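Notes to accompany the following structure.
The values are calculated or read from the model by the stated rules, or taken from the named source; none is laboratory data. In this text the structure is predicted, and so the values were computed from the model without any measurement. Cβ coordinates were reconstructed from backbone atoms using ideal geometry, including for glycine residues, and neighbour counts include every protein chain displayed. All accessible areas refer to the heavy atoms of the entire protein, side chains included, with ligands and DNA or RNA removed. Shrake-Rupley method; radii C 1.70, N 1.55, O 1.52, S 1.80 Å.
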Amino acid sequence: MTDHEPTQFWERLDVTSWPVLDQEQTGSHETTWLIDARDGTTRWLHKNTTLHAGREQGEDWAEIVATQVGLHLGVPVAITRLCLREGRRGSLSRDVRALQFDLFSGHLVLEDCREVTDYIPHLEGEPAHDPQRPGVKRPGHSLENIRRALGGSGAPPGFAGPSEMDAFDIFAGYLLFDALVANQDRHEQNWAVLRPQLMSVAPRLCPSYDHSSSLGFAETAEKTAMRLSDPQSLHAWARKGAAGRFEHDRRPRKLSALAADALTLASGIARDHWLHRIDEIDLTPIIDPLLRDGIPEMSEQTTRFVITLLELNMERIRHELGQHR
């Protein structure tokens, strides 16, 4: 699909006929690289929804709605689309690699940084263990280490914010975005750096990608109905959003608190930029199509749940950041 093609985010494409380029395993999901049949060149990563106990989960709509939230927040994100492939629901994520750049996942970036000495490589399904700190989970995947590892890297391609902002300044925005959409899956393979093939060019932070584990995508209809009928229960559920993929001892930080910590480590320009973005963001262009049944696979109940969750998270984030102004 080309950038000039007028496609609404809620439209679902049939990609059954698109050629397969490659398959890979990302975390617990098998994904497939497809070539857009209409231009013959654009690469899209395809992922099916998950069937759990006979019920189809909502990774597809969660990916697409989260992408739209990121775009409205001003976060560089992979472009995504809803799709069907051989009759199965799924989503597409356009390749984020820039021309003449190679993509290096966060675990490689941390391993390669000489200033990071306490990172223990962690791949999904293979827990890391630091013998010097046996009680610490995700050892070394910390904000301080990520800031060190991103030193010298610039903004992702297409970032429209202040030119003075560096890679970590924008990574802090990714964490703000995570808190807004309740994405608890920002592990080391869910962020990356684009390294140039020509040494004369500086590396750049990769746009954010893989947001399918967001917005309560796996909640059952029964639990969604219960929480919508009991505001206290919904508030309690929203408060559980935790950054368990980052280094922690005992309990992980809440997503909103981690975002606030990241903004504290970021530059003053970055703090001002993201505070302004979160104050001014308008989600009406996303909410209105959803309320008009723009994504039929989202029931009225699911739609109300997602909208209420976004509103709650916005309120909590603004409160958290207000304490750091």
* If the Cβ limit is 6 Å and pairs must be 6+ apart or interchain, which residue in the stretch 127-138 that is closer than 19 Å to GLN189 by Cα pairs with which residue that is of a type in the set (Lys, Arg) and open to solvent by less than 60 Å² (accessible area, probe 1.4 Å)? -> none
* Going by the structure shown, is ALA270 among the aliphatic types (A, V, I, L, M), closer than 26 Å to ASP166 by Cα and either crowded, with 22+ Cβ neighbours inside 10 Å or under 22 Å from the mean Cα position of the chain (by Cα) (or both)? -> yes
* Within the stretch 146-158, which residues are without any contact (Cβ under 8 Å) to a residue 40 or more places away in the chain and assigned to a helix (DSSP H, G or I)? -> ARG148
* Residue list for the stretch 278-319, restricted to those being open to solvent by 80 Å² or more (accessible area, probe 1.4 Å) and part of a helix (DSSP H, G or I) -> GLU280, LEU291, GLU300, ARG304, GLU311, GLU315, ARG318, HIS319
* Asked: Are any of the residues in the stretch 236-251 on the phi > 0 side of the Ramachandran plot, touching a helix residue (DSSP H, G or I) at 6+ places or on another chain (Cβ under 6 Å) and not β-branched (Val, Ile, Thr)?
  -> no
* Exactly one condition in (1) open to solvent by 30 Å² or more (accessible area, probe 1.4 Å); (2) in a strand (DSSP E or B); (3) among the β-branched types (Val, Ile, Thr) is not met by THR31; state its number. => (1)
* Give the stretch 83-115 a look and list any residue that's farther than 23 Å from ILE281 by Cβ and either among the aliphatic types (A, V, I, L, M) or assigned to a helix (DSSP H, G or I) (or both), or say none. => LEU84, LEU92, ALA98, LEU99, LEU103, GLY106, HIS107, LEU108, VAL109, LEU110, GLU111, ASP112
* Structure fact -> Those residues of the stretch 218-249 that are in contact (Cβ under 8 Å) with a residue 40 or more places away in the chain and either part of a helix (DSSP H, G or I) or more than 17 Å from the chain's Cα centre (by Cα) (or both) come to a total of 14
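Output yes when any residue across the stretch 122-145 is open to solvent by 70 Å² or more (accessible area, probe 1.4 Å) and either at pLDDT 95 or above or assigned to a helix (DSSP H, G or I) (or both), and no when none is.
Yes, that holds for at least one residue.
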* What tally of residues in the stretch 74-108 results from selecting those that are open to solvent by 30 Å² or more (accessible area, probe 1.4 Å), of a type in the set (A, V, I, L, M), more than 25 Å from ILE146 (Cβ to Cβ) and at pLDDT 95 or above? -> 1
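Just the residues that are closer than 15 Å to SER91 by Cβ, touching a residue at least 40 places away in the same chain (Cβ under 8 Å) and in a loop (DSSP other than H, G, I, E, B), please, taken from the stretch 35-49.
THR49
Residue-wise test of (1) touching a strand residue (DSSP E or B) at 6+ places or on another chain (Cβ under 9 Å); (2) at pLDDT below 95; (3) within 15 Å of VAL96 (Cβ to Cβ); (4) open to solvent by less than 10 Å² (accessible area, probe 1.4 Å).
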site	(1), (2), (3), (4)
LEU150	yes, no, no, yes
LEU175	no, no, no, yes
ASP178	yes, no, no, yes
MET199	no, yes, no, no
ALA202	yes, yes, no, no
LEU205	yes, no, yes, yes
TYR209	yes, no, yes, no
MET226	no, yes, no, no
PRO231	no, yes, no, no
* To do: Name the single residue, out of those in the stretch 65-82 being outside any loop (DSSP other than H, G, I, E, B) and of a type in the set (Val, Ile, Thr), that is farthest from ARG271 (Cα to Cα).
  => THR80
* Asked: GLN184: closer than 25 Å to ILE64 by Cα and either open to solvent by 50 Å² or more (accessible area, probe 1.4 Å) or not small (Gly, Ala, Ser) (or both), yes or no?
  -> yes
* Residue within the stretch 255-276 that is part of a loop (DSSP other than H, G, I, E, B) and either at pLDDT 95 or above or in contact with a strand residue (DSSP E or B) (Cβ under 6 Å, 6 or more places away or on another chain) (or both) present -> yes
